[in-house]
Amino acid sequence: MTHILETKAITKRFGGLVAVDSVDLQVSKGEIRGLIGPNGSGKSTLLNLISGVYPLDGGDIFLNGESVSKLSPHERAEKGIARTFQNNRLFPSLSILDNIMVGMHARTKSELHHTLFRHKMTKLEEESCRKKALDIMKFVGLKRGADYTAGALPHGERRLLEIARGLALEPQIILLDEPATGMNPAEKEWMIELTRNIRNTGITVILIEHNMRVVMEVCDRITVLNFGRKIAEGNPQEIQTNPEVIEAYLGEEEPEDVIAG
């Protein structure tokens with residue numbers, strides 16, 4: 001399989017702390033890759049490096065064989081890297097529809113003077129974006145009205161809305177940072193199905209998740225971090241039985257009960 005994403009010895013330091021320590025990662029196109037490890041192991045920092053939120057202190061990042069390490073976050077988004085966060089970063093005063101349409105800005109073509117004078121192209125583009133946003137709402141399972149205020153949504157639906165906004169970018173790869181956190185059991189089941197559905201559309205997924213049952217059930221391969229270093233990689237069965245992973249992370253608890261903060 002073709003590697004859509006590759007990191008080579010990427011490193012991030014915060015003062016004397018090495019948060020990500022020379023991590024190599026190869027993610028195949030169309031894969032669901034899990035990223036797990038104890039609290040403070042560097043998982044979210046790794047996603048922040050890939051998406052450009054943090055600059056690298058060493059190494060390189062490649063998307064489809066092209067280095068993106070020097071690109072800004074919005075330039076990486078234009079290249080097709082979408083990102084969600086542990087804490088929702090929605091616009092609470094805007095509607096569900098408007099929040100999703102914000103995610104389409106990198107794919108729209110209308111210029112400022114077109115918008116100011118209500119150019120015909122702008123109107124057509126707005127209609128197209130609205131239709132796409134409604135389709136994405138349905139795809140992720142948001143059943144409330146498009147004009148419903150985002151800030152009034154319960155937690156689980158806010159998580160879905162953030163994923164919807166990421167999908168609005170029409171990404172090649174989406175980085176999901178703990179999407180099922182705080183969801184009830186039924187919502188977690190839907191998150192498993194949704195993640196698979198995202199992959200089935202051709203989008204590659206990298207997933208950080210607290211709930212180990214979700215990780216083991218949905219991921220094709222899993223990368224394990226500890227103290228910023230990659231300590232193991234493999235399919236779910238290999239990870240569950242890896243002695244180093246058990247010692248560092250899984251312990252003696254049942255996998256579905258382990259928290260991977």
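The values are calculated or read from the model by the stated rules, or taken from the named source; none is laboratory data. Because the structure is a prediction, the values reported are computed rather than measured. Quick reminder, even Gly has a Cβ in these numbers, built from the backbone with ideal geometry, and neighbours come from all protein chains shown.
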Exercise. All but one of (1) at pLDDT 95 or above; (2) farther than 30 Å from residue 11 by Cβ hold for residue 184; which doesn't?
Worked result: (1)
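Restricting to helices (runs of 4 or more DSSP H) lying wholly in region 165-255: which have 3 or more residues that are closer than 25 Å to residue 150 by Cα?
Details: elements: 185-200, 212-218, 236-240.
Output list reads 185-200.
Do we find that residue 5 is under 16 Å from residue 66 (Cβ atoms), in contact (Cβ under 8 Å) with a residue 24 or more places away in the chain and assigned to a strand (DSSP E or B) in this structure?
Answer is yes for this residue.
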For this session: With the checklist (1) touching a Pro at 6+ places or on another chain (Cβ under 9 Å); (2) over 22 Å from residue 232 (Cα atoms); (3) buried (at least 19 other Cβ atoms within 10 Å of the Cβ) in hand, flag the one item residue 49 doesn't pass.
Result: (2)
Exercise. Quick one: would you say residue 211 is assigned by TED's automatic domain parsing to the domain that holds residue 40 and in contact with a Ser or Thr (Cβ under 6 Å, 6 or more places away or on another chain)?
Worked result: no
Seminar exercise, completed: Selection from region 116-142 of residues modelled with pLDDT of 95 or more and aromatic (Phe, Trp, Tyr) yields 139
Exercise. Under 9 Å by Cβ, and 6 or more places apart or on different chains, what pairs join a residue from region 20-40 that is among the basic types (Lys, Arg) with one that is part of a strand (DSSP E or B) and at pLDDT below 95?
Worked result: 29/3
For this session: Filter region 28-44 down to residues that are farther than 22 Å from residue 244 by Cα and not acidic (Asp, Glu) and give me whichever is surrounded by the most Cβ atoms within 10 Å (Cβ to Cβ).
Result: 32
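For every residue, the table says whether it meets (1) touching a helix residue (DSSP H, G or I) at 6+ places or on another chain (Cβ under 6 Å); (2) closer than 18 Å to residue 33 by Cβ.
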| site | (1), (2) |
| --- | --- |
| 50 | no, yes |
| 64 | no, yes |
| 68 | yes, yes |
| 74 | no, no |
| 83 | yes, yes |
| 90 | yes, no |
For this session: Within region 179-200, identify whether any single residue is within 27 Å of residue 49 (Cα to Cα) and of a type in the set (Ser, Thr, Tyr), and answer yes or no.
Result: yes
Problem set entry | Boolean, residue 197 is assigned by TED's automatic domain parsing to the domain that holds residue 47, surrounded by fewer than 15 Cβ atoms within 10 Å (Cβ to Cβ), touching a residue at least 12 places away in the same chain (Cβ under 8 Å) and out of contact with any Asp or Glu (no Cβ under 7 Å at 6 or more places or on another chain) | yes
Exercise. Here is a list of conditions, (1) closer than 28 Å to residue 46 by Cβ; (2) modelled with pLDDT of 80 or more, and residue 145 meets all of them except one; can you say which number that is?
Worked result: (1)
